[in-house]
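Q: Sharing a structure, written as structure tokens. Questions coming.
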Amino acid sequence: MKDLLFPVAVIAILTLLLTQGCAKDEGPFYVQPPLDTINGFDTVSFADVVLPIFIQHCWVCHPPNGGMDLGLHNAYAELVNVTSTGYPPEKRVVPYDPMASVLWHKVISSGEFGLAMPPNGVITTEELLSIRSWIEQGAMDN
């Protein structure tokens, strides 16, 4: 019994010393994600944030242009993981990847996929950041 007590005590002391050293050098063991002050989540809501941008700036022309309806009931289904009719096989919105999304290139006027949208260029920087964040967060139907 005495023979087992010494190795167990040494292991316990070493473990304690190692964990204390890590805590001192590495900071806290958890990271609290930033919270959205409006709804308590760090996600952009499609229904509450992104869809109103599309309705305000895009719905006048879509439908019928581009073969898509960016109105209240159809916008999500017409965008996410849908092949662009003007630039196949590219997707209109690729979840988690704005740079692979035709929509993102259109709204930032990159020129990679034709003309900028909307044509009058009235989308604000805040609205662009919301669209980008929504795509980066997985383009959820939330």
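Coordinate-derived values only; no laboratory data. Worth saying up front: this structure is predicted, and the values here are computed from it rather than measured. Please note: Cβ atoms are built from the backbone with ideal geometry, for glycine as well, and neighbour counts cover all protein chains shown.
Q: What's the FRET efficiency of ILE55 with ASN81 using the Cβ-Cβ distance as r and R₀ = 22 Å, to the nearest 0.05? Each step should come with its number before you reach the end.
A: Details: r = 21 Å, r/R0 = 0.96.
Given R0 = 22 Å and the Cβ-Cβ separation, E is 0.55.
Q: Modelling each spin label as a point 7 Å along the Cα-to-Cβ direction, I'd like the ASN74/ASP97 distance in nm, to one decimal.
A: Each label point is offset 7 Å from its Cα along the Cβ direction, giving 2.7 nm.
Q: Sticking with this one: Just to be sure I understand the curve: with the Debye formula and one point per C-alpha of region 46-136, what is log10 I(q)/I(0) at q = 0.20 Å⁻¹?
A: Rounded to two decimals, the profile gives -0.93.
Q: Can you tell me the relative contact order of region 46-136? Whole percent, Cα pairs under 8 Å, sequence separation 6 or more.
A: On the way: 121 pairs, mean separation 20.4, N = 91.
Here the relative contact order equals 22 percent.
Q: While we're here: Is any residue of region 64-83 close enough, with backbone N under 17 Å, to a label point placed 7 angstrom from the Cα of VAL122 along the Cα-Cβ axis, and if so, which?
A: 70-71
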